[in-house]
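Novice: A single structure is presented below for examination.
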Amino acid sequence: MSRRLGPGPATVEGLCWLARVGPAPIDAWACAMGWAPVTARSHAARLTRVGWVERTSTKRGRGSLLFATRLGVQVAEVPVPPAPEPAPTWWAHLAGCAWAAAWLTARGREMLGPRELLLDDGWSGELSMGLGRRVVHRPDLVGVVPGRRPAAIEVELARKSKARLRAILGLHARWIATGRSGACVYVCGDDAIRELVVSQAALAGLRLEDGGLRVELLETIKELALAGSAEAAAATRMAGATR
């Protein structure tokens, strides 16, 4: 009988990423960690066996979401609140955030993940929605590039009202103007949402040509993440061959 492997350093590294990001499809997790699909499944099985990760099935054919349990967050020693079991209404958004995080990680970028931002009041801003209503808003992720101001990232897969979207974009415009961030990146679910973001951003003072706004489709972000992961893996193999 073969002996089952337990969580090793690479497995725990993957656990830390899940704790910071929250529920993620296994493909996005594998991409971020530079693992082949079979390797990611092996790490997921080890983490599930010891109760550090749970798995939630989503729509048929869409796979499942992995997320760190309360015990898993404690083991990872990441100062974030543990993610609750994801509700169906959040499945698509959580997967989109995970792919945006994988895109950053695969490119070697530092980040503040969705779970980390919940405890960071520096990335919390008030939206004025009219009639005296004020709403607190945080970006979904923050990308960090050494020597440059961070970029706030929004994952926009469902259509918001123009007023709410414009208020969020106005917040980003203020953050850029005050030096809080250097840019705002929107990851959109389809072309219609992309066009809506661009039009409302212009009304809020953000334009693509000015460099403060970047708008990409989620499918493009997935492609860029996978390409970055493949390039990183190739570079690692080449470095190993020249030693």
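The values are calculated or read from the model by the stated rules, or taken from the named source; none is laboratory data. For clarity, every value in this text was computed on a predicted model and none was experimentally measured. For neighbour counting, all protein chains shown are included, and Cβ atoms are generated from backbone atoms with ideal geometry for every residue, glycine included. Side chains included, ligands, DNA and RNA excluded: accessible areas come from the protein's heavy atoms. Shrake-Rupley method; radii C 1.70, N 1.55, O 1.52, S 1.80 Å.
Novice: Does SER42 fit the bill of being more than 13 Å from the chain's Cα centre (by Cα), hydroxyl-bearing (Ser, Thr, Tyr), open to solvent by 20 Å² or more (accessible area, probe 1.4 Å) and farther than 19 Å from LEU94 by Cα? Let's see the steps before the verdict.
Specialist: Values: more than 13 Å from the chain's Cα centre (by Cα): yes; hydroxyl-bearing (Ser, Thr, Tyr): yes; open to solvent by 20 Å² or more (accessible area, probe 1.4 Å): yes; farther than 19 Å from LEU94 by Cα: yes.
The answer is yes for SER42.
Novice: Check every one of the strands (runs of 3 or more DSSP E) wholly within the stretch 135-207 and list those with 1 or more residues that are touching a His at 6+ places or on another chain (Cβ under 9 Å).
Specialist: On the way: elements: 141-144, 151-156, 183-188.
Because the criterion is at least 1 residues that are touching a His at 6+ places or on another chain (Cβ under 9 Å), the strands (runs of 3 or more DSSP E) in the stretch 135-207 that meet it are 151-156, 183-188.
Novice: In the stretch 118-144, how many residues are hydrophobic (A, V, I, L, M, F, W, C), farther than 22 Å from SER64 by Cβ and buried (at least 22 other Cβ atoms within 10 Å of the Cβ)? Reasoning before the result, please.
Specialist: First pass over the stretch 118-144, keeping only residues hydrophobic (A, V, I, L, M, F, W, C): 118-119, 123, 127, 129, 131, 135-136, 141-142, 144.
Next cut, farther than 22 Å from SER64 by Cβ only: 118-119, 123, 127, 129, 131, 135-136, 142, 144.
From the residues that got through so far, the ones that are buried (at least 22 other Cβ atoms within 10 Å of the Cβ) too are 142.
Looking only at that region, the number is 1.
Novice: Would you be able to say whether some residue in the stretch 201-214 is open to solvent by less than 50 Å² (accessible area, probe 1.4 Å) and under 19 Å from the mean Cα position of the chain (by Cα)? Please lay out each step first, then the result.
Specialist: First, the residues of the stretch 201-214 that are open to solvent by less than 50 Å² (accessible area, probe 1.4 Å): 201-202, 204-206, 212-213.
Now narrow it down to the ones that are under 19 Å from the mean Cα position of the chain (by Cα): 213.
Yes; the residues of the stretch 201-214 include at least one that is open to solvent by less than 50 Å² (accessible area, probe 1.4 Å) and under 19 Å from the mean Cα position of the chain (by Cα).
Novice: Assigned to a loop (DSSP other than H, G, I, E, B) and in contact with a Phe, Trp or Tyr (Cβ under 9 Å, 6 or more places away or on another chain): is that true of ALA83 in this structure? Don't jump to the end; show me each part of the working.
Specialist: Working: assigned to a loop (DSSP other than H, G, I, E, B): yes; in contact with a Phe, Trp or Tyr (Cβ under 9 Å, 6 or more places away or on another chain): yes.
Considered against the rule, which asks whether it is assigned to a loop (DSSP other than H, G, I, E, B) and in contact with a Phe, Trp or Tyr (Cβ under 9 Å, 6 or more places away or on another chain), ALA83 comes out as yes.
Novice: Does at least one position in the stretch 229-241 carry a residue that is under 22 Å from GLY108 (Cβ atoms), in contact with a Cys (Cβ under 8 Å, 6 or more places away or on another chain) and modelled with pLDDT under 95? Even if it seems obvious, please write down each step before you answer.
Specialist: Applying the first criterion (under 22 Å from GLY108 (Cβ atoms)) to the stretch 229-241 yields 229-241.
Cutting the leftovers down to in contact with a Cys (Cβ under 8 Å, 6 or more places away or on another chain) gives us 229.
Now drop any that are not modelled with pLDDT under 95, which leaves 229.
The answer is yes; a qualifying residue exists.
Novice: TRP99: open to solvent by 40 Å² or more (accessible area, probe 1.4 Å) and not β-branched (Val, Ile, Thr), yes or no?
Specialist: No.
Novice: Please work out which one of (1) in contact with a helix residue (DSSP H, G or I) (Cβ under 8 Å, 6 or more places away or on another chain); (2) surrounded by 15 or more Cβ atoms within 10 Å (Cβ to Cβ) is the condition LYS59 fails and give its number.
Specialist: It is condition (2) that LYS59 fails.
Novice: Which of the residues that make up the stretch 40-56 are part of a strand (DSSP E or B) and either farther than 10 Å from THR11 by Cβ or of a type in the set (D, E, K, R) (or both)?
Specialist: Within the stretch 40-56, the first condition is being part of a strand (DSSP E or B), and the residues that meet it are 53-56.
Passing the criteria: GLU54, ARG55, THR56.
Novice: So is ALA225 in a helix (DSSP H, G or I), more than 25 Å from THR105 (Cβ to Cβ) and in contact (Cβ under 8 Å) with a residue 24 or more places away in the chain or not? If you could, list the steps in order and put the result at the bottom.
Specialist: Working: in a helix (DSSP H, G or I): yes; more than 25 Å from THR105 (Cβ to Cβ): no; in contact (Cβ under 8 Å) with a residue 24 or more places away in the chain: yes.
Considered against the rule, which asks whether it is in a helix (DSSP H, G or I), more than 25 Å from THR105 (Cβ to Cβ) and in contact (Cβ under 8 Å) with a residue 24 or more places away in the chain, ALA225 comes out as no.
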